[in-house]
4 protein chains.
Amino acid sequence: MNKLRPYERKVYYYETDKMGIVHHSNYIRIFEEARVHYLNEAGLPFEKIEEMGILMPCLGIESSYKHPLVFDEPFMVYLKLDKFNGVTLKISYRVVSKRSGKLCAKGSSTHCFTDPELKPLRTKHSHPELYNAITQYLEYDYGF
Amino acid sequence: MNKLRPYERKVYYYETDKMGIVHHSNYIRIFEEARVHYLNEAGLPFEKIEEMGILMPCLGIESSYKHPLVFDEPFMVYLKLDKFNGVTLKISYRVVSKRSGKLCAKGSSTHCFTDPELKPLRTKHSHPELYNAITQYLEYDYGF
Amino acid sequence: MNKLRPYERKVYYYETDKMGIVHHSNYIRIFEEARVHYLNEAGLPFEKIEEMGILMPCLGIESSYKHPLVFDEPFMVYLKLDKFNGVTLKISYRVVSKRSGKLCAKGSSTHCFTDPELKPLRTKHSHPELYNAITQYLEYDYGF
Amino acid sequence: MNKLRPYERKVYYYETDKMGIVHHSNYIRIFEEARVHYLNEAGLPFEKIEEMGILMPCLGIESSYKHPLVFDEPFMVYLKLDKFNGVTLKISYRVVSKRSGKLCAKGSSTHCFTDPELKPLRTKHSHPELYNAITQYLEYDYGF
């Protein structure tokens, strides 16, 4: 298994709203950025997953907001694979400010593996390599 | 109490992603649009709430995705006030396609009433008119 | 020719930034909303254009900002077809506040008609009905 | 003068639209990210500019699109200060794919230096240090 570096960047100006903090919808996008980053880190670039004819539409998300990020604030996103049954995958996230060290948001997203027509795939049978690669990372010590 | 009309509009092109469906983060924004709409309908424009020095940052959201909306698809958003204790307010949402009649997404958001420094307010004492107006709408038959 | 009603809506909360005004990038999205609206009004829904296997990627945009829109401010978008040669189409926009009557932004976008592989189409030959419909609206009195 | 490194990142999934390419409005946001990055590189973090009570609202933008970026594609943004008279600043941008080496978009933005009420400032007099710092970078060899 590859060692997975956490995802990090700074807050963009256009992510703020008139309260002067990151708009809450943007954390859902930040979770996605982190997800794509970790897949890359694990040697499973999402681009290649899509080239295999696999999509990963989102079945559900939840997020709770603890401390607002502000413009230009640097942050890290930590991630953990929670559950995987070959068809659906649940991932958890923690967004932490690099400036204050505070937990800013935490949440999760659940995804379905589907074909291009958005029909669910049993990856254990349809794409065993992908299934095994993801299963392996369930064991990973995310230090979450 | 005013009669509250559901919120409706069509999907914008820029809300779609490369799967050809509305990106899941946009439903969180649609919930916000509906929230602002219903506050207007109830005679509590959010703009006036902010003029009273009150902010309503989001403490948490959750959403589950049932059926994807596509470009230009007309939809309605139904809303319901779930819980209100004077400090926090929980709201539920249902997004329904006007084309198919299908439930596309459902979810909820929780908000805190705060002063401009994001300190929580006990609106029962600090802003009794607002407190009473919201409390009244807890009883409303949303047909949700 | 159909009579074309201007596009109108209010500013969403998530469209504001920490300056308390609509982020300048969002006017480009508002132009797109208006474009789709006017195509619908003209009986040329963009959805049907895409069903004909035609895409309209953007070749360029420009916008100048005159007066900032704020949260919940109602606005209209007026539009005018500037130039059409069967391959490219240039459209101009004016965004006007319904509250102040002020011109808030004006701009233009240029689009290419292409096939699904983004190869330019000479619509005069490939899709004469679309070509004629658009050409007809070059003459329209937009009151711009 | 500091040496200014170009801005770089990869395309996010949520930046794509149903054509499978980056939505054209997002390049305006990418220009902003690059602007903030270069200000940081030049030792003029935008955050500090705002702490001086200075805002930089956008007066106008233009962009032309040459070659679409796709999901996960790495890109660089090069920037150049074009004109500065103490009140307004014009900046040019070039977005280049790191994968293909192709120019994907180029454009410019014009900004006004204002006080928090969006009144223009003559920075030569009101904030000479900022004025001098920016003037110095007009001479910089951007290799643009």
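The values are calculated or read from the model by the stated rules, or taken from the named source; none is laboratory data. Because the structure is predicted, anything quoted here is derived from the model rather than measured. Positions of Cβ are backbone-derived with ideal geometry, glycine not excepted, and every protein chain shown enters the neighbour counts. Note: accessible area is taken over every heavy atom of the protein model, side chains too, but ligands, DNA and RNA are not part of it. Shrake-Rupley method; radii C 1.70, N 1.55, O 1.52, S 1.80 Å.
A few remarks follow.
- Hits in the stretch B:1-41 (condition: within 30 Å of residue B:139 (Cβ to Cβ) and among the aliphatic types (A, V, I, L, M)): B:1, B:4, B:28, B:30, B:34, B:36, B:39
- Filtering the stretch D:46-64 to residues that are more than 12 Å from chain C (Cβ to nearest Cβ) and open to solvent by less than 20 Å² (accessible area, probe 1.4 Å) leaves only D:49.
- Qualifying residue in the stretch C:121-131 (condition: closer than 22 Å to residue C:25 by Cα, in a loop (DSSP other than H, G, I, E, B), at pLDDT 95 or above and of a type in the set (D, E, K, R)): no
- If you filter the stretch D:1-45 down to residues that are under 24 Å from residue D:99 (Cα atoms) and among the small types (Gly, Ala, Ser), you find that the one that is farthest from the other protein chains (Cβ to nearest Cβ) is D:34.
- Listed conditions (1) open to solvent by less than 20 Å² (accessible area, probe 1.4 Å); (2) without any contact (Cβ under 8 Å) to a residue 60 or more places away in the chain; (3) in contact with a strand residue (DSSP E or B) (Cβ under 6 Å, 6 or more places away or on another chain) are all met by residue C:71, apart from (2).
- Listed conditions (1) outside any loop (DSSP other than H, G, I, E, B); (2) within 13 Å of chain D (Cβ to nearest Cβ); (3) aliphatic (A, V, I, L, M); (4) open to solvent by less than 20 Å² (accessible area, probe 1.4 Å) are all met by residue C:77, apart from (2).
- Options C:106, C:119; residue that is touching a Lys or Arg at 6+ places or on another chain (Cβ under 8 Å) and not hydrophobic (A, V, I, L, M, F, W, C): C:106
- Selected residue [within 17 Å of the chain's Cα centre (by Cα) and of a type in the set (Asp, Glu)] from B:8, B:73: B:8
- Some residue of the stretch A:42-51 being of a type in the set (Val, Ile, Thr) and in contact with an Asp or Glu (Cβ under 8 Å, 6 or more places away or on another chain): no
- Among the residues of the stretch C:82-104, the one identified as of a type in the set (A, V, I, L, M, F, W, C), away from chain D (no Cβ under 14 Å) and either part of a loop (DSSP other than H, G, I, E, B) or touching a residue at least 60 places away in the same chain (Cβ under 8 Å) (or both) is C:87.
- Top-ranked residue of the stretch C:20-45 - restricted to ones that are assigned to a loop (DSSP other than H, G, I, E, B) and surrounded by 21 or more Cβ atoms within 10 Å (Cβ to Cβ), ranked as farthest from the chain's Cα centre (by Cα): C:21
- Entry remark, the stretch A:65-74: residues being part of a loop (DSSP other than H, G, I, E, B) and either more than 14 Å from chain B (Cβ to nearest Cβ) or at positive phi (or both) number 3 in total.
- If you go through the stretch A:114-144 and pick out every residue that is surrounded by 18 or more Cβ atoms within 10 Å (Cβ to Cβ) and either in contact with a strand residue (DSSP E or B) (Cβ under 7 Å, 6 or more places away or on another chain) or among the small types (Gly, Ala, Ser) (or both), you end up with 3.
- Inside the stretch A:88-127, residues that are over 16 Å from residue A:73 (Cα atoms) and under 17 Å from the mean Cα position of the chain (by Cα) make up a count of 14.
- Whether a residue is more than 30 Å from residue C:16 (Cβ to Cβ), aliphatic (A, V, I, L, M) and modelled with pLDDT of 95 or more was assessed, and residue A:87 passes this test.
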